[in-house]
Structures are given as C-alpha cells and as structure tokens.
Amino acid sequence: MSSGKEYLTFVLDQLSGLDGVSYRAMMGEYLLYVRGRLVGGIYDDRLLVKPTPAALALMPDAPREPPYPGAKAMLLAEDVDSGEFLRELFLAMGNEPEPESHRKANRK
C-alpha cells in the first residue's frame, strides 16, 4: 500500500514555519528531509523517523516499526496532530551532528 498525497500535505502543514523541510516521492511513499538531511518518511500513511539520539530523547517510548518488510525499524511518530511537537522533533533531528560514518565518507 502506498501513502496518500493528503497525508503528506497534512504532515507538511504541521511542519509549516520550519525552514528547510523538503520531501521526495519514492515508489509510492515520501522521504522527508530537513536542510538536505534525511530524517524519516511517510510509509503507508504513517510518519516514521530515524531512531537518532534526538528522536529517541523526544520519543523514548515510541513504537518501532519497519517502513516496509525487511527494513530496519524506525520510530513511529504518533503525535502528528501536534504541529508544535513535530516542528520540535524535526528541528532537533536536523540540528544533530552528522554521524561519524557520513563525515568520513564526505572527506574522500
């Protein structure tokens, strides 16, 4: 099952006012970015985010669900009705330092 454009629009509306949020359609789903950094996506009309330190700090009890069969589990953002919370979450994730593995790859 793929995600509906209506759910994407709803999530983007909740994130309005936060600079640097973008998305890319990918095989019926949507990848979400903050200032070019992948932070999560919309899969089967569920907002899933990467389990980064910032996301885990803000959602310590969030259920973990794979975006599709065989994928690594991500955090399910259940409080999508709170634009304030989603903006805080995406801002925190976008401000995290780049992972060491990415820094090494970018130096080559």
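Coordinate-derived values only; no laboratory data. The structure displayed is predicted, hence computed values, not measured ones. Neighbour counts run over all protein chains shown; Cβ positions are idealised from the backbone, glycine included.
Just for segment 9-91, what percent of DSSP beta bridges are antiparallel, to the closest 5?
Working: 19 of 19 bridges.
Percentage antiparallel, nearest 5: 100.
Please report, in debye to the nearest 20, how large the charge dipole of the chain is about its Cα centre when each Lys and Arg carries +1 at its beta carbon and each Asp and Glu carries -1 there. Before the final figure, lay out each step's value.
Details: 13 positive and 16 negative charges, 172 e Å.
Computed about the Cα centre, the dipole is about 820 debye.
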Percent of alpha-carbon pairs separated by more than 16 Å within segment 22-64: 38
What whole-number volume per residue, in cubic angstrom, does the convex hull of the C-alpha atoms of segment 1-45 give? 56
Calculate I(q)/I(0) for segment 5-107 by the Debye formula, one identical point scatterer on each C-alpha and no solvent, and give its log10 at q = 0.13 Å⁻¹ to two decimals. -0.44
